[in-house]
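To keep things clear, I will list the structure first and then write my remarks on it.
The values are calculated or read from the model by the stated rules, or taken from the named source; none is laboratory data. In this text the structure is predicted, and so the values were computed from the model without any measurement. Note that each Cβ is placed from the backbone with ideal geometry, even for glycine, and that neighbours are counted across all protein chains shown.
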Amino acid sequence: MSGTIISPIHDLLNDLHGRLQEERGGEVATYIPELGKADPEWFGVAVATLDGVLYEAGDTEVPFTIQSVSKPFVYALALQDRGMERVLQQVGVEPTGDAFNAVRLEPETGRPYNPMVNAGAIVTSSLVDGADAEARLDRILAGLSAFAGRPLAVDHKVLVSEAATGDRNRALAYLMHGAGSLRCDVDDSLTVYFAQCSTLVTTRDLAVMTATLAGGGVNPITGQQVVSVEAAAGALTVMATCGTYDYAGEWLMRAGLPAKSGVSGGLIAALPSQLGLGVFSPPLDPRGNSVRGVAACQELSGRFGLHLM
Ligand code: DON
């Protein structure tokens, strides 16, 4: 059985949503101009359990581009398609403590430090199955859709806006191509990465996608095995160590859950073998994490004793 249910948990989510809606901190990202059009009042919270139950409050059906929250899912697809050893040859798994767009590669190998920063995500999306950029993008869109349990599509306005302002990512891709860690055409790699980031999702999708990782790769609504248990575990691992960039340590201390944030205001957190949490609210703190998202996840973690440690 699946569906949205009304329950004491639902009341608690509504209460939390009502209080955090009043939060006025943070700024909507504008470095990708199309993202600057987001309404700072948008705020959705959704929880998907592994037995297929959804609990939701607020704007959980508003579409927004997934941005960096795509990174753990595409990393899981790359692990699925290539295996861990092959992926590790080109992308490391060490936290950087740097911002998401840092221009920094491992000095010895030229590898990006991890798949959650932009450099690592650009290489990761080049590693999924597919003979060319179009085929890799098809694989990624089909994979993200399987995680969500419904067909997802790219927002072309955001895609154009990303590509027009993506010089830092372009610079990273050239550096990595020169270092040998990015082994496909630079423009092809960016075409796929920008489109991946511009894929439209809802808060409800994020909860289901995250529950799929928490459930060993099985989508709790469709029952589909989207990736292997090992690939899902790999994605959760890098979420725990690197998912919130230069806030990753304090995040794990406070919330105690593998998580990933994105500049459009999405934030996911997973309780392995139990549930996936998705939050969306565009105003970001100085480190690029959704202000209401961080507050909601940390409150839910404390309230339900979800801290893994
Ligand atoms: O590469 C970029 O700038 C965006 N497409 C994604 C960045 C993002 O969401 C980083 N997250 N905090």
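Filtered by the rule that a residue be over 13 Å from the mean Cα position of the chain (by Cα) and buried (at least 23 other Cβ atoms within 10 Å of the Cβ), the stretch 267-283 gives Leu271, Leu275, Ser281, Pro282.
If the condition is being surrounded by fewer than 23 Cβ atoms within 10 Å (Cβ to Cβ) and not small (Gly, Ala, Ser), then the stretch 221-235 contributes Ile221, Thr222, Gln224, Gln225, Val229, Glu230. If you check Gly120 against the conditions, is it touching a strand residue (DSSP E or B) at 6+ places or on another chain (Cβ under 7 Å) and not hydrophobic (A, V, I, L, M, F, W, C)? The answer is yes for Gly120. Every listed requirement among (1) touching a residue at least 40 places away in the same chain (Cβ under 8 Å); (2) part of a helix (DSSP H, G or I) is met by Ala142 save one, (1). Being in contact with a strand residue (DSSP E or B) (Cβ under 8 Å, 6 or more places away or on another chain), assigned by TED's automatic domain parsing to the domain that holds Glu22 and at pLDDT below 95 holds for only one residue in Gly288, Gly217, and it is Gly288.
Could you go through the stretch 141-157 and let me know if any residue there is in contact with a Pro (Cβ under 7 Å, 6 or more places away or on another chain), modelled with pLDDT of 95 or more and buried (at least 20 other Cβ atoms within 10 Å of the Cβ). No: the stretch 141-157 contains no residue that is in contact with a Pro (Cβ under 7 Å, 6 or more places away or on another chain), modelled with pLDDT of 95 or more and buried (at least 20 other Cβ atoms within 10 Å of the Cβ). Looking at the stretch 25-39, which of the residues that are touching a residue at least 40 places away in the same chain (Cβ under 8 Å) and assigned to a loop (DSSP other than H, G, I, E, B) is farthest from the chain's Cα centre (by Cα)? Filtering the stretch 25-39 for residues that are touching a residue at least 40 places away in the same chain (Cβ under 8 Å) and assigned to a loop (DSSP other than H, G, I, E, B), the one farthest from the chain's Cα centre (by Cα) comes out as Gly25.
Test Ala99 against the criterion of being more than 20 Å from Tyr245 (Cβ to Cβ) and not in a helix (DSSP H, G or I), and give yes or no. The answer is no for Ala99. The condition of being within 16 Å of the ligand (Cβ to nearest atom) and either hydroxyl-bearing (Ser, Thr, Tyr) or farther than 21 Å from Ala259 by Cα (or both) does not hold for Tyr55. The residues on offer are Ser290, Ser228, and the sole one that is farther than 21 Å from Ala119 by Cβ and within 16 Å of the ligand (Cβ to nearest atom) is Ser290. The set of residues in the stretch 266-284 being among the small types (Gly, Ala, Ser) and assigned to a strand (DSSP E or B) consists of Gly266, Ala269, Ala270, Gly276, Gly278. Does the stretch 227-242 include one or more residues that are under 21 Å from Ala46 (Cα atoms), in contact (Cβ under 8 Å) with a residue 12 or more places away in the chain and in a loop (DSSP other than H, G, I, E, B)? Checked the stretch 227-242: no residue is under 21 Å from Ala46 (Cα atoms), in contact (Cβ under 8 Å) with a residue 12 or more places away in the chain and in a loop (DSSP other than H, G, I, E, B). Every condition in (1) of a type outside the set (Asp, Glu); (2) out of contact with any Gly (no Cβ under 8 Å at 6 or more places or on another chain); (3) assigned to a helix (DSSP H, G or I) is met by Arg136 except one, and the failing one is (2).
Residues of the stretch 51-66 that are outside any strand (DSSP E or B) and crowded, with 19+ Cβ neighbours inside 10 Å: Asp59, Thr60, Ile66. On the given criteria, is Leu137 crowded, with 16+ Cβ neighbours inside 10 Å, outside the structural domain of Leu277 (by TED's automatic domain parsing) and away from the ligand (no atom under 13 Å from the Cβ)? Yes, satisfied.
If you go through the stretch 163-205 and keep only what is away from the ligand (no atom under 13 Å from the Cβ), assigned to a helix (DSSP H, G or I) and either more than 20 Å from Met116 (Cβ to Cβ) or under 14 Å from the mean Cα position of the chain (by Cα) (or both), you end up with Tyr174, His177, Gly178, Val186, Asp187, Asp188, Thr203, Arg204, Asp205.
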